[in-house]
Each structure stands twice: as structure tokens, then as C-alpha cells.
Amino acid sequence: MKLSQAAAALFASAVAVSAFTAPSKIPISRNMGTRTFVPKFGTSLAMSDSAVVDAETVEEGAETFEFQAEVGRVMDIIINSLYSNRDVFLRELVSNAADACDKKRFLSITDGDTAALANPEIKIKSDKDAMTVTIEDTGVGMTKSELQNNLGRIAQSGTKKFMEALGEGKADVNLIGQFGVGFYSAYLVADKVEVVTKSMQADSPQYKWTSDASSSYTISEDNSDPIEGSGTRLILHLKDDALEYMESAKLEELLQHYSEFVEFPISVWKEKTEYKQIPDEEANK
């Protein structure tokens, strides 16, 4: 049945809209002189000669390495911490991303590279289909050797203090960042972690570090979505009981609680559905 022109129906057309947005109510510190830079992610860590391990090729373009023993102990503690506050993982990883941006700014000023100072930022995006949360920064990035030193080994002094504090009841996993091992808090919510990174060093290739919290990790050159300039993309493959962290509202809540003193812009990927009304052309005939 045809409708009159005056009574023509309007139909709603749903359109999915996605964009990075800055969480509301996060105070951003602009006082560059009050924040202390503590190297965590993207800086070299001390290691002993005995920590150096041989690599074996496991697939084309990839090498596998054994974790330093101290890393294994820390990861065991984290994975078996049933009663810890898992929310702190975002605080630690965002803090690491901010440190990487901080170091890039410092090196750029030192080297007189003003172009590298443009638009430092941290982006967080969840993918419900892949069950992942990605934290990406435009910081200093890492070379292959820095991936090994920073993520495969831990300064023994920091590990010792962390273990001693846990044993004496003076600390728990929630304070992991104070001991320089905050990166491993990713395993509170993820059973696999990928780190895609490109160093700001000239002609540095893009690398991918991968580990499923076993005794080893792999490093390979990466040809996935290229990182512009330099930076690091941290991809967390969430555990089945940690899927709440894929919700943008949850991520924003944690950022408001934990990241109030991060001086670099932070944005969270959000998807929403917009409805547009369009006239029914058939009804107007």
C-alpha cells in the first residue's frame, strides 16, 4: 500500500562511528618541572654476563630466547596472584608509555631534533572480536637488543627488593611498578603479550616481541601496521576472566583513577551507533 506524501514514513539508518576520545575528568599536568622521570620501559636495564642466552630460530624471521631466571620468578608471582588488584596493570603500562614519551622528548631536545617533539600521545584501543587491548605510544621505541634487555631480563637489585618486600609482607603485586618490573603486570589480565616497537634510532626496523608467559619469548622483524616515526604498540590478549577490560567505560574509569598525573594526552577508542532518518522514497510515490 502506498502512503501519501504527507504521511511518508521515515526510517532510521544505523551507522557505526568509531574514534579515539580523551576520557573526561582526567586532569592533565602541564607543569613539566614536577614530574620525576623514572626509567621503566624503553631504557636499558643492568644485566650480568650469565644472563645472556643463546637464541634458536623457531620460524622464519623469528628467534626464541629464554627468560632470565629472575623474570620467571616475578611472572610466577604475578600469574598466581589470585587476590591482587588486577586493575593496576593499566596504571603500570600507561606509566611505561608516558616514560617512553618522556625519554623521546629529552633525547629530541638534546639532539636538537624538534620534529620528533611533535604530538606525543598514548592511545588505548580494545578489539572485542580479537579479545585484545592495545596500548600504543609515540615514545622512544626499542631496538632488538633493548627488547632483550628490557623485557627478557630484570636488574637483579630490583628483583631482590621486590621479592624481599613480598616475603616481609611490606608489599604486594599492586606495588609492582615501584620495583621496576611494572611491565609484567600485563600478565595479570593477559595470557599472551605482543610488543611491536620501532626505535627512534636512525634506520631502525620495526620488531615484535611475543610471549605467552612461558619460559621463553620470541623476537622477529615486524611488517604489520607500521609505526610512524617511533613508538611502541603493546597488544594484550586477554584471559577469559578479564574481558571486562575490553569495555571503553571500564578503561576510562581506570584512567581517571590511576593516571591523573600523566602529562601526555591519553585517548580511548570508542564505538557508538548513530541513527539517521531517511525518507522512504517508495512511500512518496
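Nothing in this text is a laboratory measurement; each read-out follows from the coordinates by a stated rule. Computed from a predicted model, the values in this text were never measured in an experiment. Heads up, the Cβs are rebuilt from the backbone with ideal geometry, glycines too, and the neighbour counts pull from every protein chain shown.
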> Once the piece of chain linking ASP203 and GLU274 is laid out straight, how much longer is it, given 0.36 nm per residue of separation minus the C-alpha distance between them?
Replying inline: 21.2 nm
> Based on the Cβ-Cβ distance from ASP212 to ILE109, what FRET efficiency comes out when R0 is 30 Å, to the nearest 0.05?
Replying inline: 0.20
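Where does the charge balance sit around TRP209 when Lys and Arg score +1, Asp and Glu -1, over other residues with C-beta under 13 Å from its C-beta?
Surrounding charge for TRP209 is 0.
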> With respect to the cross-link table entries LYS103/LYS270; LYS103/LYS192; LYS144/LYS192; LYS104/LYS239; LYS123/LYS250, which display a Cα-Cα separation exceeding 25 Å?
Replying inline: LYS103/LYS270; LYS103/LYS192; LYS104/LYS239
